[in-house]
Amino acid sequence: MTEVRIEHALSASVARVEAALLGERWSEAVARGSRMIRGVTVLSARADGDTVERVARFAVTPAVFGLAAGWDERVTWSRATRSARFAVTPTVGGARIPGVSVAGLYALREEGAGTLRVVEVEVRGTAPVVGALVERRVTAFVRALFDDEAATLAREAR
């Protein structure tokens, strides 16, 4: 298992950053802003009081061995704590990749007039022999993806 903590300082207020994250078009903005995402389909989105839940399917570029690759992502956001839990299911050819899981916590904190975004991610690669290699590759991908997402968030929260 690999644990990663990723922080990004944003100049926008927490309220503006949260509004961007919870916006109807956030998943599409992330896909447009990332060099690694080919497309996204929001499978469901609902708000129930303080809780917002979104499930989306992302397609990545390039394909893996000619097969469509990506992930399904479930995010459950709490407006009260300005944080979310997320779980990601990596896929190739529409099927779940066995032995690989990604999950974590996403939080916003006030930092002066701006926002500190903290993402704590746990990557597990349990496949025999190649598990550690898979973990390293997925972890590098996750870091790059959250860097792209931070740039998109900075633009969207202005």
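Taken as a whole, the structure leaves V60 outside the set of residues that are touching a helix residue (DSSP H, G or I) at 6+ places or on another chain (Cβ under 6 Å) and either under 27 Å from A132 (Cβ atoms) or not acidic (D, E) (or both). Annotation note: of V134, V129, V121, the sole residue that is modelled with pLDDT under 95 and surrounded by 15 or more Cβ atoms within 10 Å (Cβ to Cβ) is V134.
Conditions (1) without any contact (Cβ under 8 Å) to a residue 40 or more places away in the chain; (2) among the aliphatic types (A, V, I, L, M); (3) farther than 19 Å from A31 by Cβ; (4) in contact with a His (Cβ under 8 Å, 6 or more places away or on another chain), marked per residue:
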residue	(1), (2), (3), (4)
A113	no, yes, yes, no
E120	no, no, yes, no
R124	no, no, yes, no
A127	yes, yes, yes, no
L133	yes, yes, yes, no
V142	no, yes, no, no
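Quick one: in region 93-103, which of the residues that are out of contact with any helix residue (DSSP H, G or I) (no Cβ under 9 Å at 6 or more places or on another chain) and surrounded by 14 or more Cβ atoms within 10 Å (Cβ to Cβ) is modelled with the lowest pLDDT?
Top of the filtered list is S101.
Exactly one residue out of E24, E7, E18 is under 25 Å from E111 (Cα atoms), surrounded by fewer than 16 Cβ atoms within 10 Å (Cβ to Cβ) and not small (G, A, S): that is E7. Only residues that are of a type in the set (A, V, I, L, M) and buried (at least 16 other Cβ atoms within 10 Å of the Cβ) were counted in region 47-86, giving 8. Tell me, yes or no, whether region 89-111 has at least one residue that is farther than 25 Å from S44 by Cβ and under 18 Å from the mean Cα position of the chain (by Cα). Yes, there is a match, as at least one residue in region 89-111 is farther than 25 Å from S44 by Cβ and under 18 Å from the mean Cα position of the chain (by Cα). Screening the candidates V92, V75, V52 for the property of being within 24 Å of E3 (Cβ to Cβ) and of a type in the set (A, V, I, L, M, F, W, C) yields one hit, V75. The single condition among (1) surrounded by 14 or more Cβ atoms within 10 Å (Cβ to Cβ); (2) assigned to a loop (DSSP other than H, G, I, E, B) that R35 does not satisfy is (1).
The values are calculated or read from the model by the stated rules, or taken from the named source; none is laboratory data. Keep in mind it's a predicted model, so treat the numbers as computed, not measured. FYI the Cβ positions are ideal-geometry reconstructions off the backbone, even for glycines, and counts take in every protein chain you see.
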